[in-house]
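Right, one structure below, let's go through it.
Here, each number is a calculation from the coordinates, and none is a lab measurement. All values reported here derive from a predicted model rather than from experimental measurement. Glycine also receives a Cβ, built like all others from the backbone with ideal geometry; neighbour counts cover every protein chain displayed.
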Amino acid sequence: MTDFKDLFSVQADDYAKYRPTYPAELFAYLKTLANPPLRVWDAGTGNGQAATELAKIFQEVIATDPSEKQIASATLAQNIRYLVEKAEAPTFSEKVNLITVAQAFHWLSHQEFAKACQRVAAPGCHLVVWSYAMTSVTPEVDRAVDPLYNGLLGPYWEKERKDVENGYKNISLPFEEIKVPMLPMKVSWSYDRFSGYLRTWSALQKYLKTHRVENLEPYFREIEKAWGKEPVRELSWPLNLRVWKI
C-alpha cells in the first residue's frame, strides 16, 4: 500500500469553497448503475463534494478519506457516514451497491483498492471513477494560465498528475469495464472564484512550502489582465469517466 500523500489538508477550507461542482448529468447516470440505490461508498471523498450529491440518490452514503481536515470541512447530511481512513483499507462491514472515486483515484494504490472493492461490493456493484484536468476559459486566459501551470509550478506537480491529465487511461483493474457516456462539466465563475480555484492546486501549495507567495503575484496579474472586465465567464473541463462492473 502506498503512503498517504496529504496534499490538501492545508487548504481544506479553500478546497471546499473553490473547487467546481460536478454536473447533474453525472449523478443521473450513477443512479442508473445501482438498482436499488441502497448504499454507496465514496472513497477519497475529500470534503464530501460528491457524497452530498450521492446522498440525494442513495439511502446511505459511506464517505471515507484519510485526511482529518478534509473530513472536518465536509458538508454533513443525515444519511452520510464520514470515516477517516484509507480507501485501500475500509473498516466498514456493510456491502455497497456502488463505489465512487471523485478526483482522487490517482492517489490510490490501485491493486490494493481493487481488493478492497471486491470485499465490500454487493452483487451487481459498479466502480465509477472520474477526474478533470485543466480547465478552459478563453484562449487568452488559457495562455496566461500556462506559464503558471506548466512553467513555475511544473516541477511541483506530483507524478500522479499525469494520470489525471490522461484520464486514467493507463490504469488497469481486474474488472469488466463498460462504455460510458460523454458528460459536460461547465460552471460560470467570477475572476475571484477562478483565482481561488487556481490557488487550491496541490503544486501551488507545495511551491509555497519553500517560496514566497509574492512570487506568484506576477502570474496572477497576467491571468487577471487576460480575464478582462467580464464579471463572469464560462469555464469547462473535460470530465474523464471510467466504469467497471465488479
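State, as an integer percentage, the relative contact order of the chain based on alpha-carbon contacts under 8 Å between residues 6 or more apart.
About 23 percent, as a whole number.
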Principal axes first, then extents: for the Cα atoms of the range 174-230, list largest minus smallest coordinate on each axis, whole Å, largest first. 49, 34, 14
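Of the chain, which part is the longest with no chymotrypsin sites (Phe, Trp or Tyr not before Pro) in a loop (DSSP not H, G, I, E, B) and with at most 16 other C-beta atoms within 10 angstrom?
On the way: sites that count: Phe4, Phe92.
The longest such stretch corresponds to 93-246.
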For the range 33-68 and the range 214-246, distance of Cα centres in Å: 26 Å
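Quick check: from the Cα gyration tensor, does the range 98-180 come out rounded (a/c under 1.5), prolate or oblate? Walk me through the intermediate numbers first.
Values: a/c = 3.46, a/b = 2.23, b/c = 1.55.
It comes out prolate by the Cα gyration axes.
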Exposure proxy check on Asp142, Asp192: fewest-to-most Cβ neighbours within 10 Å is Asp192, Asp142
Please give every one of the lysines within straight-line cross-link reach of Lys56, meaning a C-alpha to C-alpha distance under 20 Å, and leave out same-chain neighbours fewer than 8 residues apart. Lys31, Lys95
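Could you work out the relative contact order of the range 26-69? I mean the mean sequence separation of Cα pairs under 8 Å and 6+ apart, divided by the number of residues, in percent.
Details: 49 pairs, mean separation 18.6, N = 44.
Relative contact order, the range 26-69: 42 percent.
Given the DSSP H assignment, sum -39500 (n - 2.57) over each helix run of at least 4 residues in the chain and divide by its residue total; what's the result at 222 nm in deg cm²/dmol, nearest 500?
On the way: 10 runs with 77 residues, N = 246.
Calculated at 222 nm, the ellipticity per residue is -8000 deg cm²/dmol.
Scan the range 110-216 for trypsin sites (Lys or Arg not before Pro) in coil per DSSP, keeping those whose Cβ has at most 13 other Cβ atoms within 10 Å, and list them by number.
Values: sites: Lys115, Arg119, Arg143, Lys159, Arg161, Lys162, Lys169, Lys179, Lys186, Arg193, Arg199, Lys206, Lys209, Arg212; in loops: Lys159, Lys169, Lys179, Arg199, Lys209, Arg212.
Here the trypsin sites (Lys or Arg not before Pro) that fit, given the DSSP loop and packing criteria, are Lys159, Lys169, Lys179, Lys209, Arg212.
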Could you point to the label whose value was computed as semi-axes √(5λ) of the Cα gyration tensor in Å for the structure here, given (1) 26, 24, 14; (2) 39, 21, 14; (3) 32, 19, 17? (3)
Can you list the trypsin sites (Lys or Arg not before Pro) in the range 7-114 that are in a DSSP coil and have 15 or fewer other beta carbons within 10 angstrom? Lys56, Lys95
Nearest-5 percent of antiparallel DSSP beta bridges in the chain? 45 percent
Which of the aspartates and glutamates could a cross-linker bridge to Lys209, judged by Cα under 13 Å and excluding same-chain residues fewer than eight apart? none
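May I ask which of Lys69/Lys186; Lys159/Lys229; Lys86/Lys162; Lys69/Lys225 have a Cα-Cα span longer than 26 Å here?
Over 26 Å Cα-Cα: Lys69/Lys186; Lys159/Lys229; Lys69/Lys225.
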